[in-house]
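Working notes, beginning with the structure itself.
The values are calculated or read from the model by the stated rules, or taken from the named source; none is laboratory data. Predicted model only: the values in this text are computed from it and were never measured. Counting neighbours? That spans all protein chains shown, and the Cβs are built from the backbone with ideal geometry, glycine included.
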Amino acid sequence: MNFVVCKDYDEMSKKAADVVAECIARNPHALISFPGGDTPLGMFQEFVRRVNEGEIDISNVSYVSLDEWVGLSDQDEGSCGHFNQINLIQVLDKPFKQVHIINGQAADLQEEANRLDAFIQENGPLTVSVLGIGLNGHLGFNEEGADIQSNAHIIPLSETTQRVMSKYFGDKFSPTEGITQGLGQIMKANTVVLIANGEKKADIIARAAKGEVTPLVPASILQQHENCFVILDKAAAERL
Ligand code: PGA
């Protein structure tokens, strides 16, 4: 793991955007994936600024979302798809070559997972996968005990994730399942960027990056990735 400890959230966001920009510069036909959640917002803004100012050329780049709450689509505020729409897709002056946003409202969810697999298979492997980390160490919705070989799948949300999700939805929605890229697909990415900020992430970052590699802490599998950047603000790096 390559650790990058930044002075604050803004620097963390810029460093993550730097890695993505380098990956695209090396491979203009890249397949890239960003997470939802609070953590990546600054990186999205930095990425969009660089694209709109002509510093990053995405005309041949494809984009795929990481995960979605089952029952929600990109029309639902607080969903991962909606976050992608308003902070990335709709604010880019120039479009990606292709965009695949997971629909958690699909009538046939297994079919939706198959579509995600097919998109990654056709355009992949992922050139760069940017990830946040849950308080339980989840990556996307690969919760505790996740299969490290998995492709896209539907998964029950852990208690921790269900508790944390009120920050996105209040009591408007209470999803119990997620649909997500699998750890197998994430581990096949050429470059992985894990970002985290704030003191509340310090414990899980220490367990994921320095603790035992175990499916009980899904992000710990990234210790076995050959090209993984862990980009943190000072507070999240405190217990390393
Ligand atoms: P957060 O979510 O960025 O809102 O903390 C991270 C995650 O659960 O993956």
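Quick test of your reading of the structure: Met165 fulfils all but one of (1) under 26 Å from Ala237 (Cβ atoms); (2) in contact with a helix residue (DSSP H, G or I) (Cβ under 7 Å, 6 or more places away or on another chain); (3) of a type in the set (A, V, I, L, M, F, W, C). Name the failing condition by number. Condition not satisfied by Met165: (2).
Among the residues making up region 80-100, those that are of a type in the set (A, V, I, L, M, F, W, C) and either surrounded by fewer than 19 Cβ atoms within 10 Å (Cβ to Cβ) or more than 15 Å from the chain's Cα centre (by Cα) (or both) are Ile86, Ile89, Val91, Leu92, Phe96, Val99.
Among the residues of region 59-68, those identified as surrounded by 20 or more Cβ atoms within 10 Å (Cβ to Cβ) and either more than 16 Å from the ligand (Cβ to nearest atom) or assigned to a strand (DSSP E or B) (or both) are Val61, Ser62, Tyr63, Val64, Ser65, Asp67, Glu68.
Scanning region 164-180 for residues that are closer than 21 Å to Asp117 by Cβ and more than 12 Å from the ligand (Cβ to nearest atom), we see that the one that is surrounded by the fewest Cβ atoms within 10 Å (Cβ to Cβ) is Glu177. If only residues of region 16-38 that are more than 16 Å from the ligand (Cβ to nearest atom) and among the charged types (D, E, K, R) are counted, the one that is nearest to Gly124 (Cα to Cα) is Arg26.
Yes or no, residue by residue, for (1) hydroxyl-bearing (Ser, Thr, Tyr); (2) at pLDDT 95 or above; (3) within 20 Å of Thr39 (Cβ to Cβ); (4) not in a strand (DSSP E or B):
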residue	(1), (2), (3), (4)
Glu144	no, yes, yes, yes
Tyr168	yes, no, yes, yes
Phe173	no, no, no, yes
Gly178	no, yes, yes, no
Gly184	no, yes, no, yes
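Would you check if Asn190 is more than 14 Å from the ligand (Cβ to nearest atom) and surrounded by 15 or more Cβ atoms within 10 Å (Cβ to Cβ)? Yes: the conditions hold for Asn190. Please verify whether Asp74 is acidic (Asp, Glu) and crowded, with 18+ Cβ neighbours inside 10 Å, treating the condition exactly as stated. It is true that Asp74 is acidic (Asp, Glu) and crowded, with 18+ Cβ neighbours inside 10 Å. Residue selection: Gly134 satisfies the criterion of being within 12 Å of the ligand (Cβ to nearest atom), at pLDDT 95 or above and either out of contact with any Cys (no Cβ under 9 Å at 6 or more places or on another chain) or on the phi < 0 side of the Ramachandran plot (or both). Beta carbons closer than 8 Å, at least 6 apart along the sequence or on distinct chains, never pair a first residue in region 224-237 that is free of Cβ contacts under 8 Å to residues at least 12 places away in the same chain and surrounded by fewer than 22 Cβ atoms within 10 Å (Cβ to Cβ) with a second that is assigned to a strand (DSSP E or B) and not hydroxyl-bearing (Ser, Thr, Tyr).
From the list Gly36, Gly42, Gly104, Gly71, the one residue that fits, being under 26 Å from Gln162 (Cα atoms), at pLDDT 95 or above and in a helix (DSSP H, G or I), is Gly42. Restricting region 1-30 to residues that are in contact with a helix residue (DSSP H, G or I) (Cβ under 6 Å, 6 or more places away or on another chain) and in a strand (DSSP E or B), the residue that is farthest from Leu222 (Cα to Cα) is Cys6. If you go through region 137-160 and keep only what is more than 10 Å from the ligand (Cβ to nearest atom), under 22 Å from Val230 (Cα atoms) and among the aliphatic types (A, V, I, L, M), you end up with Ala146, Ile148.
Among the residues of region 152-163, those that are surrounded by fewer than 17 Cβ atoms within 10 Å (Cβ to Cβ) and assigned to a helix (DSSP H, G or I) comprise Glu159, Thr160, Gln162, Arg163.
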